[in-house]
Amino acid sequence: MLEIRNLTKIYDDGTVALKNVSFTVEQGEFLIIIGLSGSGKSTLLRCINRLIDPTEGQIIWDGVDITAAESAELRTVRRQIGMIFQHFNLVKRSSVMTNVLAGRLGYADPWQSLWHRFSPQDRELAIKALGRVGISDQANKRADELSGGQQQRVGIARALMQEPRMILADEPVASLDPVLAHTILGDLDQLNKEGMTILCSLHYLDLVQRYASRVIGLKDGEIVYRGSRADIRAMTDEQFKQVYGAEAIRVAAGLEGSLG
Amino acid sequence: MANNTNSKAAKPEKRSLVSPVVAAVASLILPGLGQMLARRFRRGLIVFASVASITGLIWWLFVDLSRSAQGIGLMLTKSLRRAPGFVILVLVGLVVLWLLNVWDAYRETQTRHRADPTVFILIGIVFFVLGWQISQIDPVTAVVELPDAWPPLSKVLWPWEAAFERDTDVLAASADILTPCDDEPPPEAPEKVEGEPYMVASPTCGDLTELDENNQPVLGTTLHLSASGFAPNTETFIFWIDPIGQEFRIRQEGAYISVMTEADGTFEYDVTMPYRLTPPSAEGRQIHEIEARQITEVGGLKPSEPLRLTMARMVETIFLGMMATIFGIILAIPVSFLAARNMMSGSFLSIALYYLSRTVLNIIRSIEPLIWALIAVVWVGLGPFAGIIALTIHSVASLGKLYSEAIESIDPGPIEAIQATGATRLQTIVYAVIPQMIPPFVSFSIYRWDINVRMSTVIGLVGGGGIGFLLVQYIKLLDYRAAGIAVWFIAITVAILDNVSSEIRQRFI
Ligand SMILES: Nc1ncnc2c1ncn2[C@@H]1O[C@H](COP(=O)(O)OP(=O)(O)OP(=O)(O)O)[C@@H](O)[C@H]1O
Ligand SMILES: [Mg+2]
């Protein structure tokens, strides 16, 4: 269970990105975070694996205080939390295989890995992870030679290498077209069905309705909406836009457009 | 100007402060003033500044042309005599420009008018004419001198005859000749040694050719030469060596004389004793020498001394460039972190350090390597080390800037992603930072190596070692063939380097 207690983040320039945010996530949930641009979604997700140090508050994960973890302990926590990014954040010039193997760095021998040496088991795991997201045949290409959807799958494979118990996904489909958005979220949904906890920020109402088991809405760093699966299903576009603002759109509309 | 017409709808046209005629008169008195009064301030300012500087430059050139003559009239006539075309052209230009400026002021007062660039075009033309005179452009000389320049130029363009040579062997035999004949016995014929070249002259005394009062030659004694022991069927030159050891080839009827040897290595030949100006102190009995010489080339072709020196210096040049690049890279890496904004945005101190290093790099970079070389020569003396210092200083500055820009443009996304996997700091650098740094790093370093080798070919001009040093020496000695060899080597090396470096860069990007 992940427990966020009174989390506050104030950036060096004085921006208050999160204000006293508290919520809990049970193991196996698919929690979707919605909110306007600048509402603090990325900040929240990055606080959970400490890419950003929160200013105040606590994050307790299965009894471990992530906010207090330092160096080796922090790395142990991090390697159990996979992360997927809007812009994939692959190392573009490295091969797909190297990118995927990089997901194993938290487990690998710190010195051996500097020379790109990984154990045969790790390599096998990488091949399996690529197989799982359906791009085994791309393993030796350079990451930037792949399409956007394929790159995001490499991102997922990299996260899977961590054998994580939780995945943080920061707008994983925002730079993909609607068809790909569904397939990528389908991949995450499949993982979720196998028991993975997923925290994901999203923009599209119908994706939220389809995949979320629970939703929280952020506005100016505060939680302004909490809803269960049933609540979301019942939500109209109007209500959605209230949390979300005018930017919200249905993927379906875009989908029809793109399929002509 | 142009945007006046475009933005007419958006904002009301600025109305002129004065009437067209007033503006025209104002501009006649002070160019640009009328335009300013018409509220075209920038246009007026440009016109004024241009006319003022053109007038100033013309004045200066007239003073220069007339060798500082006193009085405007004298100055004008003197200048006109020395450079009539230029003086007329530039004066007409100035007058037309002045009038055009008046007309321009008149037009600018009108609210509706098209942007008219005529004044600026004329200003451009006048500056071109002035530039032509000031920079002493002289196409006539370039054409007229070309035929004279061709022989040395052709040697530079095709110097390869001087690139190789053969060892030579000299076969020579000589006989002493006494002048004038006297009571004493004339010199003996030399002793004959079997297998060595041998020559006897008869007689062994006689008179040199002399000039009479009318400068007509009075031919001297004819000597009969018979020689043996030379190489067969080879051209043999006849030299005359006077008592003070000066030698020259004998001419008869204007042409140098030479003999072909027979199949058995002998020849017979008649020579008239040549004209020799002998100093009065050498009056009286003198022993001269006549010598037959064969020069034969033996062995295969071998590189000549210029070629060997050039190659040695070229190697020195390439390594000079290489060492400077290596030192430059090593020093530029730490410097580039200081000059990268995203690395230095922590405290006040680091930001100050960032600005300091940026400024220093910019100053160093703006001074040419040749000037650094002059300074380095003063510091460590002539030679390649001075060149290395100069190129290193310049490389650090320019690589430091390029690297720091590469660091600034690094994508933070992959760094975040690798950190999120639980990687250590070192692993993050190896997996996320270095792969992003390699292409710009390699590309900039190779590019710099390329520049450094090019620069090292000229750094020798100021004493910084390398092939440039040799090149200036050859040019000063008027040895154009040797200079040509050096030029060719520079060209070939730079061309090869160009290809190699672009090849390497392509592989890494
Ligand atoms: N490094 C930073 N320094 C200062 N302020 C920041 C920084 N990163 C984000 N912020 C500010 O914090 C607030 C929340 O940003 P955050 O990136 O978390 O929003 P978001 O909900 O992810 O937006 P988006 O949907 O556009 O990604 C914004 O006002 C942003 O300007
Ligand atoms: Mg965000």
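The values are calculated or read from the model by the stated rules, or taken from the named source; none is laboratory data. Quantities reported herein were computed from a predicted structural model and do not represent experimental measurements. No Cβ is skipped: glycine too gets one built from the backbone with ideal geometry, and neighbour counts run over all protein chains shown. Heads up: the accessible areas ignore ligands, DNA and RNA and are worked out on the full protein's heavy atoms, side chains in. Shrake-Rupley method; radii C 1.70, N 1.55, O 1.52, S 1.80 Å.
Tell me whether region B:164-302 comes out rounded, prolate or oblate; compute the Cα gyration tensor, take square roots of the eigenvalues as a ≥ b ≥ c, and use a/c under 1.5 as the rounded threshold.
Working: a/c = 2.05, a/b = 1.62, b/c = 1.27.
Prolate is the answer for region B:164-302, as a/c is 1.5 or above and a/b outweighs b/c.
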Exercise. Could you go through region A:159-167 in sequence order and give the Karplus-derived ³J(HN,Hα) for each residue, using 6.51 cos²θ - 1.76 cosθ + 1.60 with θ = phi - 60°, rounded to whole Hz, and x for Gly and Pro?
Key: 5, 5, 4, 7, 6, x, 9, 8, 10
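Give the Kirkwood hydrodynamic radius (Å, one decimal) of region B:19-122, defined as one over the mean of 1/r across all pairs of different Cα atoms. Display every interim value, and only then the final one.
Values: mean 1/r = 0.0687 Å⁻¹.
In region B:19-122 this quantity evaluates to 14.5 Å.
Relative to the present Cα-Cα distance, how much length would full extension add between B:Q110 and B:E188 at 0.36 nm per residue of separation? Please list the in-between numbers first.
Working: separation 78, 0.36 × 78 = 28.08 nm, distance 11.10 nm.
Between B:Q110 and B:E188, full extension yields an extra 17.0 nm.
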Quiz item: Longest segment of chain A with no chymotrypsin sites (Phe, Trp or Tyr not before Pro) in a DSSP loop having at most 13 other Cβ atoms within 10 Å?
Solution: A:112-260
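Step by step: find N for region A:83-165, compute 2.2 N^0.38 Å, then divide the Cα radius of gyration by it. What's the final number?
Values: Rg = 11.6 Å, N = 83, 2.2 N^0.38 = 11.8 Å.
Rounded to two decimals, the normalised Rg is 0.98.
Please quote Rg/Rh for the protein assembly as shown to two decimal places, taking the Kirkwood radius as Rh and restricting both calculations to Cα atoms.
Details: Rg = 45.0 Å, Rh = 36.7 Å.
Ratio of gyration radius to Kirkwood radius for the protein assembly as shown: 1.23.
Work out the mean other chain Cβ neighbour count within 10 Å for the residues of A:79-89 and drop it here as an integer.
Working: counts 4, 1, 3, 2, 5, 2, 5, 1, 4, 3, 10.
Across the residues of A:79-89, the mean count of other-chain Cβ atoms within 10 Å is 4.
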Quiz item: Out of region A:30-122, which trypsin sites (Lys or Arg not before Pro) are coil in DSSP terms and have no more than 12 other C-beta atoms within 10 Å?
Solution: A:R117
Self-check item: Calculated FRET efficiency for the pair B:T141/B:E235, C-beta based, R₀ 30 Å, to 0.05
Solution: 0.10
Quiz prompt | In order through region A:135-147: 3J(HN,Hα) via Karplus (6.51 cos²θ - 1.76 cosθ + 1.60), integer Hz, x for Gly, Pro | solution = 10, 4, 6, 9, 3, 9, 6, 6, 4, 7, 8, 8, 6
Quiz item: When the helices in chain B are scored as -39500 (n - 2.57) per DSSP H run of 4 or longer and the sum is shared across all residues, what 222 nm value do you end up with, to the nearest 500 deg cm²/dmol?
Solution: -18500 deg cm²/dmol
Quiz item: Which loop trypsin sites (Lys or Arg not before Pro) in region B:74-128, with loop taken from DSSP, have no more than 14 other Cβ atoms within 10 angstrom of their Cβ?
Solution: B:R112, B:R114
Practice problem: Just read off the accessible area of A:H182 with the full protein assembly in place, 1.4 Å probe, to the nearest 10 Å². | Solution: 50
Practice problem: Mind pulling the per residue volume of the convex hull built on the Cα atoms of region A:1-159? Å³ is fine. | Solution: 146
Practice problem: Please give, to one decimal in nm, the separation of the simple spin-label points placed at A:T55 and A:N140, each 7 Å out from Cα toward the Cβ. | Solution: 5.2
Exercise. Indicate the gyration tensor shape class of region A:193-233 (rounded, prolate or oblate), computed on the Cα atoms with a ≥ b ≥ c the square roots of the eigenvalues: a/c under 1.5 is rounded; otherwise a/b larger than b/c is prolate and the rest oblate.
Key: prolate
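For peptide A:215-228, compute the average count of partner chain beta-carbon atoms within 10 Å of each residue's beta-carbon. Before the final figure, lay out the partial values.
Values: counts 0, 0, 0, 0, 0, 0, 0, 0, 0, 0, 0, 0, 0, 0.
Taking the mean over all residues of the peptide, I get 0.
Taking R0 as 41 Å, what FRET efficiency do you get between A:Q121 and A:D13 from their Cβ-Cβ distance, rounded to the nearest 0.05? Working shown, then result.
Numbers: r = 45 Å, r/R0 = 1.11.
Once rounded, the FRET efficiency stands at 0.35.
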Quiz prompt | In Hz, Karplus ³J(HN,Hα) per residue of region A:191-208 (6.51, -1.76, 1.60; θ = phi - 60°; x = Gly, Pro) | solution = 4, 4, 5, 7, x, 7, 7, 10, 10, 9, 9, 9, 10, 9, 4, 5, 5, 4
Quiz item: Assuming a viscosity of 0.890 mPa s and a temperature of 25 °C, what translational diffusion coefficient in µm² per second does Stokes-Einstein assign to region B:305-508, Rh being the Kirkwood radius over Cα pairs?
Solution: 133
Self-check item: Amide proton proximity set for B:T272, modelled H, under 5 Å, gap of 5+
Solution: B:L223
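What do you get when you divide the Cα radius of gyration of chain B by 2.2 N^0.38 Å, with N the number of residues?
Values: Rg = 39.0 Å, N = 509, 2.2 N^0.38 = 23.5 Å.
After normalising by residue count via 2.2 N^0.38 Å, the value is 1.66.
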Quiz item: Based on the Cβ-Cβ distance of B:L45 and B:L153, what FRET efficiency does E = 1/(1 + (r/R0)^6) give at R0 = 45 Å, to the nearest 0.05?
Solution: 0.40
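How many partner chain Cβ atoms sit within 10 Å of a residue's Cβ in peptide A:107-120, on average, as a whole number? Mind dumping the intermediate values first?
On the way: counts 2, 4, 0, 4, 3, 0, 6, 6, 1, 2, 0, 0, 0, 0.
Taking all residues of A:107-120 together, the mean is 2.
Which GluC sites (Glu not before Pro) does region A:130-233 hold that lie in a coil by DSSP with at most 10 other beta carbons within 10 Å? Spell out each step's value before the answer.
On the way: sites: A:E145, A:E194, A:E222; in loops: A:E194.
When the GluC sites (Glu not before Pro) of region A:130-233 are filtered for loop state and at most 10 Cβ neighbours within 10 Å, A:E194 remain.
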Quiz item: Within chain A, what is the number of lysine pairs with alpha carbons under 26 Å apart, leaving out pairs fewer than eight places apart on the same chain?
Solution: 16
